[in-house]
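Structure first, commentary second.
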Amino acid sequence: MKKLVIVGRPNTGKSTLFNGLTNSRDALVHDRPGVTRDTISGNIPNRPWAVIDTAGLENAKTGIAHNSTDMAINAIETADAILFVVDGRVGLSPMDIEWAKLVHKKSKAPALLLINKTESSKRLSDIHDFYKLGFGEPILISAEHKRGFDAIDGFIDGLYTADSARYTEDDNKIKIAVLGQPNVGKSTFVNRVLGENRQIVMDAPGITRDTVKIPTHFYGRDIILMDTAGLRRKAGITDDVETLSALKSLDAIEKSDIVILIVDATKNIENQALSIASRVYDAGKILCVALNKWDLVDQIERDEKLLKLKHQFTNSFHQIIKPMILAISAEKGTGVQNLFKRIYEQWDISKTNTPTSLINRIVEKLVNDRQPPMSRLKRPMKIKFARQTGHHPFKITINVGGASDIPESYTRYLRRGIATALHLEHLPIVIEYKKDENPFD
């Protein structure tokens, strides 16, 4: 019997959820926090799963609360899967963040984030805040009214095959390509993430020649790291091996979900790095620029240098509003976990489905604020309907009537407006237009 453990801070509705999943009233339910003290077990009907209800996690050093929390932690450590429950009315709390870190530390079991008490959208807080917990896309539920339980069923049914073996297919892992020019510290970065000297590191360019794919688990996620050969300008490539290595590195962009572009913070950003970034954006991939060797930059120069680099990247590309630029030291490990936290957040956000009604409200406001220009034939452009039609990259299809030659400047205006409204400033967004057919033509 597999164990599905329900955890979270007090009064988030864990016991109500337990009763709903087990079709029982075994767990005591009350509005007062801290009612549940022991771990309670029940079975999900027609499934080989035992559900464990735990006490609310509290920072008590002695007494019943301390003992109850210890029992909850023990349940986390032995769980086969975890339901992490938060209160959608209250919003994200510091205690939620603290206990999410504990779950990541104590367990490698798959976890599903449930935002409970979402009966009323008017009382619902900003759900984007909950991505900070690191559990991926949250599921909106109402344990009291048994809403959203289909998503929980799908979660537990998808975890194991018929023989109860966990899925380990690479397709379920985030593919992260590490790119950059030679000798910027890519392999040192990969070794830091792996926690071992897996990749050869020498103070000379061109050591890595092939794209090395390494499955690993880092900061709560199963990922595949793709260490690539250093990319130089074409004029600097002198042999066929380096040419093939460069082609493989560029191919890694297409095969990745996220690209980490490593640059040497002690040097000026070259056009080659900007060219790599442009390829990543054009491919619709999530990009994070990692300023490596930041510990070697003089403290007095750091603020000015970081500002200059951000301006350089921001002014170079119209595809994205705010390039994600983070300072790290691969050799010392500083900033590496924060980098992965940030890219995981963006990955989770990029997978979300945005309601069509919301997209249309945003586009309608943008159009009202700034009307589309007249076409070359002096005909008005009518934007009729917009909807999300893709992920990775986030894709918006807009139905237009009348003229269809909407200029790129107006597309950039719409892209920036949509990205800002949806908090997608770090992600590439693609807008395509679909011309409405006239039924009388």
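Bear in mind that the values in this text are calculations on the coordinates, not laboratory data. No experiment lies behind these values; they were computed from the predicted model shown. Methodologically, a virtual Cβ is constructed for each residue, glycine included, from the backbone with ideal geometry; neighbour enumeration extends over all protein chains shown.
Between the amide H of LEU83 and those of VAL5, ILE6, VAL7, LEU112, distances stay under 5 Å, these residues lying 5 or more places away or on another chain, with hydrogens modeled in the peptide plane.
Rounded, prolate or oblate: which fits region 259-318, taking a ≥ b ≥ c as square roots of the Cα gyration tensor eigenvalues, rounded meaning a/c under 1.5, else prolate when a/b beats b/c? Prolate is the answer for region 259-318, as a/c is 1.5 or above and a/b outweighs b/c. Considering all different alpha carbon pairs of region 270-396, the Kirkwood hydrodynamic radius works out to 17.7 Å.
Summing Lys and Arg as +1 and Asp and Glu as -1 over all other residues whose Cβ lies under 11 Å from the Cβ of ARG9 gives a net charge of -3. Taking amide hydrogens as placed 1.01 Å from N in the peptide plane, the amide H of LEU57 sits under 5 Å from those of GLY8, ARG9, each at least 5 positions away in sequence or on another chain. For the listed residue pairs LYS322/LYS435; LYS14/LYS105; LYS175/LYS365; LYS132/LYS395; LYS255/LYS365, the alpha carbons are over 28 angstrom apart in LYS322/LYS435; LYS175/LYS365; LYS255/LYS365. Less than 5 angstrom separates the built amide H of VAL400 from those of LYS384, LYS434, LYS435, ASP436, all sequence-distant by 5 or more or on a different chain. Within the shell defined by Cβ-Cβ distances under 12 Å, the residues around ALA143 carry a net charge of 0, with Lys and Arg each +1 and Asp and Glu each -1. Near LEU291: Cβ cut-off under 12 Å, other residues only, Lys/Arg at +1 and Asp/Glu at -1. The net charge is +4.
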